[in-house]
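Reading through the structure tokens given below for one structure.
The values are calculated or read from the model by the stated rules, or taken from the named source; none is laboratory data. This one's a predicted model, so the numbers in the text were calculated from it and none came from an experiment. A quick note on method: Cβ atoms are made from the backbone with ideal geometry, for glycine too, and the neighbour counts reach across all protein chains shown. Calculation scope for accessible area: heavy atoms of the full protein, side chains included, ligands and nucleic acids excluded. Shrake-Rupley method; radii C 1.70, N 1.55, O 1.52, S 1.80 Å.
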Amino acid sequence: MLRNFDLTFHRPQDYCCVPRQLVVLLFNRNLKPMKKLALYLILAISWGYCNAQTDLSYYLPAGISFSPSIPTPQSIIGHEVGEWHISHDRLVQYMYALDKASDRISLEVTGQTYESRPLLLLTITSTKNHQNLESIRQQHLQLSDPSRSASLDVKNMPAVFYLGCSIHGNEPSGANAGLLMVYYLAAAQGPEIEKYLDHTIILFDPSFNPDGLTRFSTWANSRKSMMISADPYDMEHNETWPGGRFNHYWFDLNRDWLTVQLPESRARVTKFQAWKPNVLTDHHEQGTNATFFFMPGEPARVHPLTPDKNQELTRKMGEYHAKALDQIGSLYYTQEGYDDYFLGKGSTFPDVQGTIGILFEQASSRGHAQESVNGILRFPFTIRNHFVTMLSSLKAVNELREELLNYQRDFFKSNQTEAAKDPVKAYIFGSRDKAKVYHLADILSRQQIEFYKPAASSVIGGKSFEAESSYIIPLNQSQYRLVKGMFSKITQFKDSIFYDISSWTLPLAFNVDYEELKAAPALGEKVTQLSFPAGNLIGDKSDYAYVFEAYGYYAPRAIYRLLSHNIRVKVATDAFHLPSGKKFEPGSLMVSLENQDLNADQIRAFLREITEQDAIDVYSFASGLDYKGVSLGSGSFLTLRKPEIAMLVEGGYGFNGVSATDAGEIWHMLDQRFHIPVTCMPVAVFNTANINRYTTIIFPAGSYNAISEGAKERLKGWIQNGGVVIGFEQALNWFTSTGLGKFDMKKDEADKKEPVRSKPYADINDAMRAQETSGAIFEADVDLTNPLLYGYYNAKVPMFKSNNLFMEKARGAYANPLTYGSAPLQSGYISRINYPKMKNSSGLGISSMGRGRVIGFTEDLAFRAYWFGTNKMLMNAIYYGPLLSNEASR
């Protein structure tokens with residue numbers, strides 16, 4: 001009866017659960033008592049194996065002694081590694097304990113998360129190196145300076161190894177393996193570890209994402225049974241929305257290395273640039289049914305700015321990982337699935353800076369144990385694989401040390417050579433919007449890119465670049481490849497498949513004017529310190545009115561600042577002028593001093609705040625008379641109301657429902673950037689909520705099938721009474737199907753499809769993936785007179801697209817405020833099947849329903865926090881949506 005069951009007792013460290021058939025048999029009423037008793041005995045023994053604790057002997061290499069003066073993880077955190085998921089507070093507690101106990105370790109707090117958790121970095125090396133750490137760092141940095149690097153002798157120079165863990169909070173085996181790695185580095189004894197510490201400066205980040213790690217560890221630990229369930233349907237393995245992957249605002253931190261918009265990234269990149277390590281390793285998890293991946297990735301999907309030598313060294317390091325995993329019998333793979341293209345990931349960002357970036361991906365137990373196609377996958381097993389490859393990385397860094405150091409020196413020399421050959425000698429960028437220029441320059445500063453003020457104002461390519469609001473980036477500098485990676489436009493690719501986005505050209509993302517300069521420009525002062533720009537209160541003190549233009553990035557924040565203090569603000573829908581002749585375009589904001597709740601001095605105090613904190617110039621008007629345009633008392637000035645905003649979130653498990661990253665981008669933008677409150681309303685709450693208090697409801701990209709019929713009807717009534725709905729991407733399809741508007745998407749026409757050709761079965765997956773528009777940049781033609789485009793001054797705006805939604809143009813004469821022309825691709829990849837559909841499509845639609853409006857955008861307007869250029873469209877929809885004419889509807 002039992003011969004069909006695998007009752008062989010493997011090591012408890014690797015497998016942990018009783019066969020399901022055994023449990024089913026126990027409930028068989030026809031089973032004889034003696035046989036049932038035997039099964040109970042087997043069950044008890046099996047569960048003993050299931051719940052056996054894994055001690056340090058399972059993980060640590062044999063034959064090495066460890067100092068008893070160094071506390072083990074269990075002695076501080078209260079449990080064995082892998083018995084529970086480490087919480088961030090206990091992780092921090094252990095790091096501080098080792099810092100106190102070991103002279104090999106120095107700990108510093110490099111920053112804080114949004115939830116005020118500390119970001120730690122441990123510098124681990126020999127005592128001798130600690131005593132000379134700053135001189136070692138300074139000498140190491142000389143490798144990136146061709147004018148000083150030639151004379152350096154690298155034979156005795158330590159390598160710098162940056163080791164980071166679990167940037168995705170629900171991929172925790174990296175952070176848990178980090179407990180073992182830091183213990184090993186602090187406590188191991190013998191000539192091998194002494195050599196490693198003498199020849200290596202290890203920068204150890206125990207948790208790239210403390211907020212996400214906390215969210216996930218709390219989830220998994222609070223749902224762990226004494227009798228561990230490996231059933232994939234168990235609650236432990238099924239996180240609720242948004243999951244632990246993301247940071248506080250639901251951003252994927254492994255997409256922010258290049259653009260450094262988030263506090264975790266800023267702390268991390270500051271240390272990266274301060275040391276310029278030789279190797280950076282990034283420990284992740286992947287699907288439960290996978291095995292273990294290490295770089296290199298897909299050979300055809302390497303960014304063209306990455307040198308071949310980088311991939312050669314990556315392959316050499318891979319041999320160390322393979323040998324280490326072979327020794328413990330772990331399956332693995334390489335050179336497939338993942339790539340080295342997008343420069344914003346932790347494993348690719350280093351590659352254009354003289355560093356070898358290595359990605360590790362371990363199959364995830366997503367809890368303490370889970371069934372997989374490879375057997376029961378236990379959490380300790382996942383931890384051990386990461387720990388073993390941390391050790392193999394350390395060994396590789398040491399044995400390849402001189403080659404890595406010489407490569408770094410040669411890399412920066414080659415930057416100088418490549419810059420000399422490049423027909424582009426510099427980039428210049430600027431804008432009427434001082435704040436956006438500042439934020440783009442801030443990225444350059446954080447990445448240690450050299451840039452300058454122009455020597456004088458100029459007009460280049462028909463664009464004006466004012467000396468006080470423009471910057472020049474010469475390409476002849478150490479960060480040549482990084483600058484090219486930020487500013488280049490690419491439309492030709494070796495491959496048509498991308499693990500992430502295919503383009504991220506930063507001046508297009510910021511929608512600033514920029515030009516390539518083919519001759520070395522005259523440079524003004526080098527920028528060594530950035531300050532947030534201040535606006536000015538222009539003109540004499542007025543008792544009549546004040547006006548500011550809509551160009552400034554923080555104009556929406558300024559508007560809310562005034563409205564929240566009950567100051568009446570009007571928006572101009574026609575042009576008007578100062579007596580001096582300066583013209584103010586539609587979208588300019590006017591504050592009259594007459595008949596306000598606050599007196600003139602109080603209002604002026606808030607206007608001064610706007611100039612100081614929002615980088616906006618405010619102009620005083622002594623009179624409202626204007627014979628060139630409209631006077632200030634004209635009915636074309638429309639009164640704004642303070643928005644009350646709700647945004648739908650959740651709506652499903654895992655990746656179902658609302659997209660967490662899309663919702664998080666909007667939440668972050670409103671909360672952190674514009675200081676505007678937003679109610680993040682779960683779909684389940686929306687189904688029964690009284691929504692009458694809100695003026696605006698936002699539907700981020702995602703699925704809305706969980707919205708009830710009753711909620712749909714209440715929503716329609718709310719819109720008819722003047723409410724404004726704003727939706728993005730897939731939400732537009734839901735709007736159409738629900739009758740909230742008409743946002744028709746282009747469809748394939750059967751008669752235009754190519755004749756069927758026979759193709760190899762093996763090509764199916766790649767052919768399907770090649771049709772994905774993973775992230776490219778397209779130029780839109782915009783109607784600057786439409787209120788949704790107020791504050792823009794160029795009739796062409798770069799848009800970021802990461803979907804295959806191609807909306808038909810509206811039939812109404814005034815209903816196409818944002819469209820794509822016959823050749824809209826600016827940078828990135830789109831398939832030849834999808835590009836014709838992208839051409840002559842619409843990116844923005846408006847539907848009327850009673851007194852309300854439904855506004856739909858086919859693109860993400862706040863992508864990953866760095867796509868500043870289209871944020872204003874969403875803010876305009878919030879403020880001006882109620883003012884839109886019925887004639888603008890589709």
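Remarks
- Cα gyration tensor shape of region 399-458, rounded if a/c is under 1.5, else prolate or oblate by comparing a/b with b/c: oblate
- Note on the chain: the C-alpha convex hull projects to 43.1 nm² when averaged across all orientations.
- The chain: relative contact order in percent, alpha carbon pairs under 8 Å with at least 6 residues between: 10
- Accessible-area composition of region 128-243, carbon plus sulfur, in percent [1.4 Å probe]: 50
- Projected label points at Tyr544 and Asp763, each 7 Å from Cα along the beta carbon direction, are separated by 7.2 nanometres.
- Over all directions, the projected convex hull of the C-alpha atoms in region 422-543 averages 10.5 nm² in area.
- Label point distance in nm, Asn156-Val459, each placed 7 Å from Cα along Cα→Cβ: 6.3
- Charged side chains reduced to their Cβ positions (Lys and Arg at +1, Asp and Glu at -1) give region 344-492 a dipole of some 240 debye around its Cα centre.
- For Lys421, a cut-off of 23 angstrom between C-alpha atoms picks up these lysines, skipping any fewer than 8 places away in its own chain: Lys309, Lys413, Lys484, Lys489, Lys494, Lys518.
- Cα-based shape type of region 630-774, given that a ≥ b ≥ c are square roots of the gyration tensor eigenvalues and the cut on a/c is 1.5: prolate
- Computed across region 190-346, the Kirkwood hydrodynamic radius from all distinct Cα-Cα pairs reaches 18.6 Å.
- Calculated FRET efficiency for the pair Ile64/Glu403, C-beta based, R₀ 35 Å, to 0.05: 0.85
- Global form of region 106-157, assessed from the alpha-carbon gyration tensor, a/c cut-off 1.5: oblate
- Here is the tail figure for region 127-239: Cα pairs spaced more than 23 Å apart come to 51 percent of all pairs.
- In order along region 663-676, the Karplus-derived 3J(HN,Hα) couplings, from 6.51 cos²θ - 1.76 cosθ + 1.60 at θ = phi - 60°, round to 5, x, 4, 5, 4, 4, 4, 5, 7, 7, 7, 9, 6, 10 Hz, and Gly and Pro are given as x.
- Dmax and Rg, reported as Rg then Dmax, of region 334-482 (C-alpha, Å): 22.3, 68
- Mean ellipticity per residue at 222 nm, deg cm²/dmol - from DSSP H runs of n ≥ 4 across the chain, formula -39500 (n - 2.57): -9500 deg cm²/dmol
- q = 0.13 Å⁻¹, region 736-890: log10 I(q)/I(0) [Debye, one scatterer per Cα]: -0.65
- Nonpolar atom fraction for region 607-720, defined as the carbon and sulfur part of the 1.4 Å probe accessible area, stands at 48 percent.
- Relative contact order for region 419-470: 38 percent, from Cα pairs under 8 Å spaced at least 6 residues apart, divided by residue count.
- Linear extension gain, Asp231 paired with Tyr627, 0.36 nm per residue minus alpha-carbon span: 134.9 nm
- Comparing region 518-651 with the 2.2 N^0.38 Å rule of thumb, its C-alpha radius of gyration ratio is 1.24 (two decimals).
- Entry comment: accessible area of the chain is 39 Å² per residue, from protein heavy atoms only and a probe of 1.4 Å.
- With R₀ fixed at 41 Å, the C-beta to C-beta distance from Asn289 to Ser57 puts the FRET efficiency at about 0.90.
- Compared with the alpha-carbon gap, the fully stretched path from Ser414 to Glu644 is longer by 77.3 nm at 0.36 nm per residue.
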